[in-house]
1. Let a ≥ b ≥ c be the square roots of the eigenvalues of the Cα gyration tensor of the range 46-123; is it rounded (a/c under 1.5), or, if not, prolate (a/b larger than b/c) or oblate?
2. To make sure I understand, if each residue's beta carbon is the centre and we count other beta carbons within 10 Å, what order do 116, 75 fall in, fewest to most?
3. For a Förster distance of 30 Å, can you work out the FRET efficiency between the beta-carbons of residue 188 and residue 140, rounded to the nearest 0.05?
4. Please report 24, 184 as a ranked list, fewest other C-beta atoms within 10 angstrom at the top and most at the bottom.
5. So how do 134, 162, 230 line up by other beta-carbon neighbours within 10 Å, fewest first?
6. Using a 7 Å offset from the Cα along the Cα-to-Cβ direction at both residue 60 and residue 208, what is the distance between the two label points in nm, to one decimal?
7. Treat each spin label as a single point 7 Å out from the Cα along the C-beta direction, and report the residue 82 to residue 153 distance in nm.
8. Under the 0.36 nm per residue contour assumption, what length would be gained going from the current alpha-carbon distance of residue 15 and residue 163 to full extension?
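Derivation of every value follows stated rules applied to the coordinates shown; laboratory data play no part. This one's a predicted model, so the numbers in the text were calculated from it and none came from an experiment. For neighbour counting, all protein chains shown are included, and Cβ atoms are generated from backbone atoms with ideal geometry for every residue, glycine included.
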């Protein structure tokens, strides 16, 4: 019997190719096995305002990508470990999913959740972005890395494949907020996709390309093993 960890189980559409989508549950490498050799989990940073008063913003007037980049300080997950009573990034993952109701109640951990909540109450540290898109702190670094290894265009599409993919120049994407939840290269050799209930992005490609990208930017995260699941905080990774 397959265990479901999601708060609301979704089904991946068999109509959507794996090079342009992401798994909703289960083992990540197994999902991508026909398209990609390796998957790297990009952890979305925590952050705090440096030159902005976030109290002046709301859901309708929230920050754009360049506001995040220029006016906020990003904070890594390993820095968060040093500021809390948590012992691993897996515990941070479960705490964040508990906080947004993105994990089945049987697997939530309220103590870990409180450790993360205290960061905002005591130090104004805000949780990583969880809106189904790559973190704005990672976006331009990732796009710039793709340019450095020779890519000029990306195709962007929603995870359900409802809309037609849009082909866009990476230069344009760097200047604007136009990425979608799934973004892949024309040759279908690289994808970065963000699972809706996760605070991370799946970067998928060959190990060679992945190593090239990580040499340009040492993004915080980890490579998936055959056992790594979408709800990875609940398992050995």
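1. prolate
2. Least crowded to most crowded, the residues run 75, 116.
3. That gives a FRET efficiency of 0.85.
4. Ranked by crowding around the Cβ, least crowded first: 24, 184.
5. 162, 230, 134
6. 5.2 nm
7. For the pair residue 82/residue 153, the computed spacing is 4.5 nm.
8. So the extension gain works out to 52.0 nm.
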